[in-house]
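What follows draws every value from the coordinates through simple rules; no lab data is involved. Quantities reported herein were computed from a predicted structural model and do not represent experimental measurements. Cβ sites come from the backbone with ideal geometry, for glycine too, and all protein chains shown count toward neighbours.
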Amino acid sequence: MVERISFYDQISRNKRNSILLFGIVGAVLIALIYSISRAFSALDSFVILILAIIITTLYSVIGYYSSDKIALLSVGAIKANQVQYRQYYNIVEGLTLASGIPMPQLYIMNNPQINAFATGRDPQHAVICVTTGALEKLNKQELEGVLAHEMSHIANYDIRFMTLTAILVGMISIVAQIFLRSLWFRGDRDSNNKSGAIFLVIGIVLAILAPIVTSLVQLAISRKREYTADATAVKFTRSPTGLINALTKIKSNSEMKVSGSVSPLFIAKPNKAAELFSTHPALEKRIEVLKKM
């Protein structure tokens, strides 16, 4: 007998795991900063931290507030005509009632493959874009499953959550780079301070490993958010069938390609590398979980 999974439990579990993983990233950042503060003078540590905060914040804020424009421009998307794509609008309007979020702007991109993505900093500035292939090759139930998945990303504030994660991961990378490069100019200061020397070694090890570890954690968080969006889509539509069938059709397309810059946003992307290094879980695993709901 197949073990059944409640979509409520799936949503709660993956959200909880996402927060725990986010906490790991924060803990690594604190450990790295603490090690540097013990190895360097207070002034040096302060300068490194301030530079990292300024660089990361500027980059992330610009990307956060321009994410929808950047994504749409990169794939050549155009606004969907409400008369020509009446079914597209009708499905999303129905999902706004189920989800309780405002109507997003709807776009299409000219691509024969089945895919879609959602972006925007919050539900009031959200955008959904689907390929022409999705509109042509999916039946109404399957298209509803795909659009419900994208609406779930909006409802769960996934863009905001992943942006915060990216800020922390970016800050760790920048702190590590500034710290390692500053060693060239450090000379032999505090060479007689055994405690400082120990924390200097710890800081160097963390500066090398922390960006790698936190990047992997960031990918794991992204995969958890995909599972959460799948489960939330079932909550909105009250059936996993449409999304299962849509993912099965996507899986059968072995030559799927998506734009590299926005590929993490899409409902599916080709997993050429091991899942550990991917933003998305394997389609087989997602379908298997959905079948248990």
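Please give me, ordered by residue number, the trypsin sites (Lys or Arg not before Pro) of the stretch 72-136 that lie in loop per DSSP and have at most 15 other Cβ atoms within 10 Å. If you can, show how the numbers build up before the last one.
Numbers: sites: Lys79, Arg86, Arg121; in loops: Arg121.
Listed in order of number, the matching sites amount to none.
With contacts defined as alpha carbon pairs under 8 Å and 6 or more residues apart, what's the relative contact order of the chain in percent? Spell out each step's value before the answer.
Working: 415 pairs, mean separation 82.5, N = 293.
Over the chain, the number comes to 28 percent.
Please express the Cα-Cα pair-distance distribution P(r) of the stretch 16-173 as a list of whole percents, one per 5 Å bin, running from 0 to the bin with the greatest distance.
The distribution over the stretch 16-173 is 1, 9, 15, 16, 15, 12, 9, 8, 6, 4, 3, 2, 1, 0, given as percents.
Could you list which residues have their amide H under 5 Å from that of Ile5, counting only those 5 or more apart in sequence or on another chain, with H placed in the peptide plane?
Sorted by chain and number, the residues that satisfy this are Met293.
Determine by what factor the alpha-carbon radius of gyration of the chain differs from 2.2 N^0.38 Å, reporting the quotient.
Numbers: Rg = 21.9 Å, N = 293, 2.2 N^0.38 = 19.0 Å.
Taking the Cα Rg and dividing by 2.2 N^0.38 Å, one obtains 1.15.
Taking H as built 1.01 Å from N, whose amide H comes closer than 5 Å to the amide H of Ala268, not counting residues under 5 places away?
Ala116
Nearest 500 deg cm²/dmol is fine: what mean residue ellipticity at 222 nm does the chain get from its DSSP H runs of n ≥ 4 alone, each adding -39,500 (n - 2.57), divided by its residue count? Numbers along the way, then the final one.
Values: 9 runs with 196 residues, N = 293.
Rounded to the nearest 500, the figure is -23500 deg cm²/dmol.
Mind checking the full-extension length gain between Tyr89 and Arg238? Use 0.36 nm per residue of separation minus the Cα-Cα distance, one decimal, nm.
Working: separation 149, 0.36 × 149 = 53.64 nm, distance 1.95 nm.
Here the segment from Tyr89 to Arg238 would lengthen by 51.7 nm.
So if we plug the beta-carbon distance of Thr132 and Glu3 into 1/(1 + (r/R0)^6) with R0 = 35 Å, what FRET efficiency do we get, rounded to 0.05?
Working: r = 38 Å, r/R0 = 1.10.
E(calc), rounded to 0.05, equals 0.35.
For the chain, with only Lys/Arg (+1) and Asp/Glu (-1) charged at the beta-carbon, what is the dipole magnitude about the Cα centre, in debye rounded to 20?
Numbers: 30 positive and 19 negative charges, 51 e Å.
So the dipole magnitude of the chain works out to roughly 240 debye.
Determine ³J(HN,Hα), in whole Hz, for all residues of the stretch 30-38 in sequence, where each value follows from phi through the Karplus function 6.51 cos²θ - 1.76 cosθ + 1.60 and θ = phi - 60°; x replaces Gly and Pro.
4, 4, 5, 5, 5, 4, 5, 5, 7
Can you list the HN-Hα couplings for the stretch 114-121, worked out from phi with the Karplus curve (6.51, -1.76, 1.60; θ = phi - 60°), rounded to whole Hz and with x for Gly and Pro?
Result, rounded to whole Hz: 8, 6, 6, 8, 10, 8, x, 6.
Going by average Cβ neighbours within 10 Å, how do the peptides 140-150, 202-212 rank, with the highest at the top?
On the way: 140-150: 24.0, 202-212: 17.9.
Listed from highest to lowest mean packing, they are 140-150, 202-212.
Return the long-range amide H neighbours of Tyr107 (sequence gap of 5 or more, or a different chain), with a cut-off of under 5 Å between placed amide H atoms.
Close amide H contacts, sequence-distant or interchain: Ala80, Ile128, Cys129, Val130.
Once you have a ≥ b ≥ c as the square roots of the Cα gyration tensor eigenvalues for the stretch 1-106, tell me rounded if a/c is under 1.5, and otherwise prolate or oblate according to whether a/b is larger than b/c.
Numbers: a/c = 4.26, a/b = 1.63, b/c = 2.62.
Judged from the Cα gyration tensor, the stretch 1-106 comes out oblate (a/c at least 1.5, b/c at or above a/b).
Counting DSSP beta bridges in the chain, what percent are antiparallel, to the nearest 5?
Expressed as a percentage, antiparallel bridges in the chain total about 60.
Under a point spin-label approximation (7 Å from Cα along Cα-to-Cβ), what is the Ala197-Gln82 distance to one decimal in nm?
7.3
Whole-Hz ³J(HN,Hα) for each residue in the stretch 231-236, computed from phi via Karplus 6.51 cos²θ - 1.76 cosθ + 1.60 with θ = phi - 60°, x for glycine and proline: what do you get?
Calculated HN-Hα couplings, in order: 5, 5, 4, 5, 4, 5 Hz.
Distance check, please: which entries in Lys69/Lys235; Lys15/Lys235; Lys235/Lys285; Lys15/Lys69; Lys15/Lys251; Lys15/Lys79 exceed 22 angstrom between their Cα atoms?
Details: Lys69/Lys235 29 Å; Lys15/Lys235 15 Å; Lys235/Lys285 19 Å; Lys15/Lys69 27 Å; Lys15/Lys251 26 Å; Lys15/Lys79 32 Å.
From Lys69/Lys235; Lys15/Lys235; Lys235/Lys285; Lys15/Lys69; Lys15/Lys251; Lys15/Lys79, over 22 Å: Lys69/Lys235; Lys15/Lys69; Lys15/Lys251; Lys15/Lys79.
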